[in-house]
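Visitor: This is the structure I want to talk about, given as C-alpha cells.
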Amino acid sequence: MEYVTLNTGARMPLEGFGVFQIPDAAECERVVYDAIKTGYRLLDTAASYMNEEAVGKGVARAIADGLVTREELFITTKVWVSDMKTEEAAYEAVKTSLKKLDMDYADLILLHQPMGDYFAAYRGITRAYKEGLTKAIGVANFYPAILANFCETVEVIPAVNQVELHPFFAQEGALENMKAYGVVPQAWGPLAEGKHGIFTDPELTAIGNKYGKSAAQVVLKWNAQRGVSIIPKSTHVERMEQNIDIWDFDLTDEEMKIVASKDLGHSEIVNHDDPGFVKFVLNLH
C-alpha cells in the first residue's frame, strides 16, 4: 500500500474501502471486518449513509480480534447538508458521528456537499479539528471554482476533496486546481459505478492482460498513479481482494494516456450544476 501525506502531516492510504449503499447494519459490520482482514486500512463512511454504528462495530470487532489497532486505521466520515446550517450544528454533527462510531476521534471529517451554509459548517468542523476530534478536515464534491473561492477564504485549507474521478470523468483541470492548493484528491465512484462497460472495455482489458490484471484493477491503478486516493466498494471478499491487489505493477505513460482518452468531460452519474439536484439534496433529511 502507498500513502499520501496530508497538509496536516497525517498519512492517508492511497486506497481505502467505501461503505456507500450498505444500509443493512449486519452486512455493513461484516464487510468492514472483511475489508480490514483483507488489508484495507482506510474506511470511508458518512452520516447520510446511515451505517456509522455498523462501521464502528466492525472496527471494534477487528481490533478485539487483534487484526489491527485503531492507530493503524484511517477513518473518514462526512457531515450531511442538514447539519450544515450553522457552525454549532456542524460541530455537534461531528460529535454525533463519533458517538455512533464509538470512537474518540476520526482521521478525516468532510463536508459532504457545497450546499447550505458550508462556510459556517466548515468553521464547525475546524473547531472539531482544533479540539482533536479529528486529525484532518476536508470537503467533498467541491468543483474547481467553488474550491478556489473556499481555499482563498477559509482559515484551514481542506486536506482532501472527495469527488467523482474515473476514466470517463477524469477531471484533469480539477486535479491541477487541487494540487495548487495542496488539497489531496480522493475518488468516489472510481469504477464509474460499473457504467460504460468499464469491466469489459477492450482497451482496458488488453492493458490488464499484459500485467495479469483485470480492467477494474487497471482503472484503479490509473487513478492512484495520478496521485488520487481511491475508495472502491464491494460486499464480496473476492472483489475486495482484487481491488486492493494493484500495488505490484505500474502503467506506462502511453497506457495512462489510453485510459485518460476515455474522458467524456462530464458526469453521467450526477449533475452538481443542476439546480433541481441542489433543491433535492437540500430537502433530504
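Visitor: Using just the helices of the chain, give the 222 nm mean residue ellipticity in deg cm²/dmol: DSSP H runs with n ≥ 4 each add -39,500 (n - 2.57), and the total is spread over all residues, rounded to 500.
Guide: Numbers: 11 runs with 118 residues, N = 285.
Mean residue ellipticity at 222 nm (helix-derived): -12500 deg cm²/dmol.
Visitor: Going toward the positive end of the dipole of region 1-151, with +1 on Lys and Arg Cβ and -1 on Asp and Glu Cβ, which of 7, 141, 32 do you reach last?
Guide: After comparing all options, I get 7.
Visitor: Binning every alpha carbon pair distance of region 80-223 at 10 Å from zero, what are the percents per bin?
Guide: Calculated over all Cα pairs of region 80-223, the distribution is 12, 35, 27, 18, 8, 0 percent.
Visitor: In region 191-212, which residues have a backbone nitrogen under 15 Å from the label point lying 7 Å from residue 248's Cα in the Cα-to-Cβ direction?
Guide: 209-212
Visitor: Taking the convex hull of the alpha carbon atoms in region 192-285, what volume per residue do you get, in Å³?
Guide: 130 Å³
Visitor: Would you mind counting up the charge near residue 162? Only other residues with Cβ under 14 Å from its Cβ, with Lys and Arg at +1 and Asp and Glu at -1. Intermediate results must be reported in sequence, preceding the final value.
Guide: Values: positive: 78, 233; negative: 15, 44, 107, 164.
Here the charged neighbours net out to -2.
Visitor: In addition: So for region 64-112, what are the equivalent ellipsoid semi-axes in whole Å, largest first, each being the square root of 5 times an eigenvalue of the Cα gyration tensor? Please report the intermediate quantities before stating the final value.
Guide: Details: eigenvalues 125, 20, 11 Å².
Each semi-axis is √(5λ); the values are 25, 10, 7 Å.
Visitor: Tally Lys and Arg at +1 and Asp and Glu at -1 over the other residues with C-beta under 10 Å from the C-beta of residue 240: what net charge comes out?
Guide: On the way: positive: 37, 233, 239; negative: 34, 238, 241, 245.
Spelling it out: positives minus negatives among the neighbours equals -1.
Visitor: Place a point 7 Å from Cα of residue 130 in the direction of its Cβ. Which residues in region 1-43 have their backbone N less than 18 Å from it?
Guide: Those under the cut-off are 8.
Visitor: Then there is this: Along the three principal axes, how long is the chain when you take its alpha carbons, biggest first, rounded to the nearest angstrom?
Guide: Ordered largest first, the chain gives principal extents of 53, 46, 34 Å.
Visitor: Could you tell me the ratio Rg/Rh of region 94-162? Both radii from Cα atoms, Rh via Kirkwood.
Guide: On the way: Rg = 11.7 Å, Rh = 12.2 Å.
The Rg/Rh ratio comes out at 0.96.
Visitor: If I stretch the segment between residue 256 and residue 37 completely, what's the gain in nm (0.36 nm per residue apart, minus their alpha carbon distance), one decimal?
Guide: On the way: separation 219, 0.36 × 219 = 78.84 nm, distance 3.07 nm.
Contour length minus Cα-Cα distance gives 75.8 nm.
Visitor: Right, another one. Pop a pseudo-label 7 angstrom from the Cα along the beta-carbon direction at both residue 10 and residue 25 and give the gap in nm to one decimal.
Guide: Placing both labels 7 Å along Cα→Cβ, they lie 2.7 nm apart.
Visitor: Ok, one more. Which net charge results for the neighbourhood of residue 186, defined as the other residues with beta-carbon distances under 13 angstrom from its beta-carbon, given Lys and Arg at +1 and Asp and Glu at -1?
Guide: Neighbourhood net charge equals -2.
Visitor: With the contact rule set at Cα under 8 Å and sequence spacing of 6 or more, what percent relative contact order holds for region 1-114? List each step's numbers first, then the result.
Guide: Values: 178 pairs, mean separation 26.7, N = 114.
Reported as a whole number, the value is 23 percent.
Visitor: Share of antiparallel DSSP beta bridges in the chain, in percent to the nearest 5?
Guide: Working: 4 of 27 bridges.
In the chain, DSSP labels about 15 percent of beta bridges as antiparallel.
Visitor: Normalised by the residues of the chain, what does the relative contact order come to in percent, with Cα pairs under 8 Å and at least six apart?
Guide: Working: 523 pairs, mean separation 48.5, N = 285.
RCO, the chain: 17 percent.
Visitor: Binning at 10 angstrom from zero up to the longest distance, how are the C-alpha pair distances of region 132-209 distributed in percent?
Guide: 17, 41, 25, 14, 4
Visitor: Let me ask something additional. Treating only the Cβ of Lys, Arg, Asp and Glu as charged (+1, +1, -1, -1), what charge dipole size does the chain show about its Cα centre? Round to the nearest 20 debye. Let's see the in-between values first.
Guide: On the way: 27 positive and 41 negative charges, 75 e Å.
Result for the chain is approximately 360 debye, rounded to the nearest 20.
Visitor: Next up: Distance in nm between label sites at residue 85 and residue 264, each 7 Å beyond Cα in the beta-carbon direction?
Guide: A separation of 3.6 nm, rounded to one decimal place.
Every number here is computed from the coordinates shown, using simple stated rules; none is lab data. The structure displayed is predicted, hence computed values, not measured ones. Here Cβ is always computed from backbone atoms with ideal geometry, including for glycine, and neighbour counts include all displayed protein chains.
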